[in-house]
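Nothing in this text is a laboratory measurement; each read-out follows from the coordinates by a stated rule. It should be emphasised that the depicted structure is a prediction, and the values quoted were computed from it without experimental measurement. Glycine also receives a Cβ, built like all others from the backbone with ideal geometry; neighbour counts cover every protein chain displayed.
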């Protein structure tokens, strides 16, 4: 298997690129479904349980060892709770913001990962991470049009428009960063296929528990919404299945920087399918964010 710092093969590169596009398409499909009556908890429940079923069948077919320690079981529960919050929060952001902007805000998770690694395990942030922080924030500020210059709403009007969506996306980034740190330090020894099956099952069950708080199951009210639900489930499940079955055989680590083209893919798909568009200066900000995150991923260890 290739080291984390080696370049992926051509097959691995295009598989990663395809996977990133699938993740981006998942969020575009989710926004389509939300526009036609689907609610966030219902989307997370359906998506997670179907993904858990598919990957669980792979675990059974490939006879993946099911042994985990007591400590790993506890952290798998914690990781699952964090991923559930991340899933609910990110879909809530997608429902309130242009899809690309929600994903760009979520893409600040490497900063949260560095913060939690320092808080929980006293790992000093690398110099590259510290240098990337202001670049990421400047790019994000441009992409979100934080002063309302492009929208013409002014700062107060712009934040009234985007504030809730940005808050949900930042919450998703923060808890995902915590989940990555816990996975790396406490559950990395658990097979990725088994870890995904357990996590997705628990995420789906947690979303099921949230449903009564939102008035029960809310399914799409139009054919387009059902297509969106089918699309988000298919894209998400396929992407996760590829990530934990095919990519390890190609010698690619899951944190490959190629995966960070997801917001760009979402931007193109949302423009083509949903009619969402952002101003040129916001596109420039988006490219700064994606470029900074990819530079972090490509740096030599």
**OP:** Given the peptides 280-289, 113-122, arrange them by the average over their residues of other C-beta atoms within 10 Å, most packed first.
**Re:** 280-289, 113-122
**OP:** Show me 23-33, 266-276 ranked by packing, highest mean number of other Cβ atoms within 10 Å first.
**Re:** 23-33, 266-276
Subject >> Dmax and Rg, reported as Rg then Dmax, of region 5-65 (C-alpha, Å) >> reply: 15.8, 45
Subject >> Exposure proxy order (Cβ contacts within 10 Å, fewest to most) of 104, 90 >> reply: 90, 104
Original post:
Where does region 84-210 land on Rg(C-alpha)/(2.2 N^0.38 Å)?
Top reply: 1.20
**OP:** Measure off 7 Å from each Cα along the Cα-to-Cβ vector at residue 209 and residue 283, then give the distance between these two points in nanometres to one decimal.
**Re:** 4.5
Original post:
Most exposed first by the Cβ proxy, i.e. fewest other Cβ within 10 Å, how do 126, 262 rank?
Top reply: 126, 262
Original post:
Radius of gyration and Dmax for region 1-121's Cα atoms, expressed in Å?
Top reply: 17.3, 45
